[in-house]
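Novice: Below is the structure I would like to discuss, written out as structure tokens.
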Amino acid sequence: MISRLSILILLIFTACSNDGTTRNPYLQEIGFRFEANLNLPSYSPLTNTGSAVYIQSDLAGTRGVFVINAGFDQFRAFEASCPNHAPNDCSTMELDGQIATCSCEDYQYSLFTGQLLNRPDDENRYYDMLEYNANYSGGSVIISN
């Protein structure tokens, strides 16, 4: 009986462990749903693998969203505000092909992975891009959080 109780307590403690994920303190994760119809001229570049667009809308993300066609009807969507400081006048990143650049510090991020490409070599904590859900359905990419 005692060994069963010990096993049960051990299982409870291991089930409650933290996965170590640290939320980005600079960006709020707001709820939204945005549909990008690929038949519209603004979003038609997304019909080509490797192409990306910037969706500048108050209805998508904090400062808009970058969307890239990753191939095989897979799309990735990321917040357009730089993840390494609070939103300000220079924090909306600029799209250059498959790279998003923050003009505040010239940080560059891959739109295929969301990773910071030129991470400084110091002891500070740096964040990758905040990713949103992106699903392809019926000729549209539905972006949500």
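Novice: Round to a whole angstrom and tell me the spacing of the C-alpha centers of segment 68-119 and segment 19-59.
Specialist: 11
Novice: Determine the relative contact order of segment 30-144: mean sequence separation of Cα pairs under 8 Å and six or more apart, normalised by residue count, in whole percent.
Specialist: Working: 248 pairs, mean separation 29.8, N = 115.
Reported as a whole number, the value is 26 percent.
Novice: Per residue, what volume in Å³ does the convex hull of the Cα atoms of the chain enclose?
Specialist: Values: hull volume 23.9 nm³, N = 145.
Looking at the chain, the number lands at 165 Å³ per residue.
Novice: For a footprinting-style exposure proxy, rank CYS90, CYS104, CYS82 by other Cβ within 10 Å, fewest first. Spell out each step's value before the answer.
Specialist: Working: CYS90 12, CYS104 15, CYS82 28.
Result, fewest neighbours first: CYS90, CYS104, CYS82.
Novice: Once both axes come from the Cα atoms, what is the angle between helix 2-15 and the longest principal axis of the chain, in degrees from 0 to 90, rounded to 10?
Specialist: The angle comes out at about 20 degrees.
Novice: Further, regarding this structure: Which residue, chosen from TYR26, ASN88, ILE99, occupies the Cα position most advanced towards the positive end of the dipole of the chain, where the dipole is computed from +1 (Lys, Arg) and -1 (Asp, Glu) charges on Cβ about the Cα centre?
Specialist: Comparing the listed Cα positions along the dipole, TYR26 ranks first.
Novice: How large is the charge dipole for the chain, taken about the Cα centre, if only the Cβ atoms of Lys, Arg (+1) and Asp, Glu (-1) carry charge, to the nearest 20 debye?
Specialist: On the way: 7 positive and 16 negative charges, 128 e Å.
It comes to approximately 620 debye.
Novice: May I ask you to sort ARG76, ARG23, ARG63 by Cβ crowding, counting other Cβ atoms within 10 Å and putting the fewest first? Present the calculation step by step, with values, prior to reporting the outcome.
Specialist: Details: ARG76 22, ARG23 10, ARG63 18.
Ranked by crowding around the Cβ, least crowded first: ARG23, ARG63, ARG76.
Novice: Here is a further query. Which longest uninterrupted range of the chain lacks any GluC sites (Glu not before Pro) assigned by DSSP to a loop state (not H, G, I, E or B) and surrounded by at most 15 other Cβ atoms within 10 Å? Display every interim value, and only then the final one.
Specialist: Working: sites that count: GLU29, GLU105, GLU123.
No qualifying site falls inside 30-104, the longest such stretch.
Novice: Can you put SER137, SER110 in order, fewest other beta carbons within 10 Å first?
Specialist: SER137, SER110
Where a number appears in this text, it was derived from the coordinates with a stated rule and is not lab data. These numbers were taken from a predicted model, which means no experiment stands behind them. Heads up, the Cβs are rebuilt from the backbone with ideal geometry, glycines too, and the neighbour counts pull from every protein chain shown.
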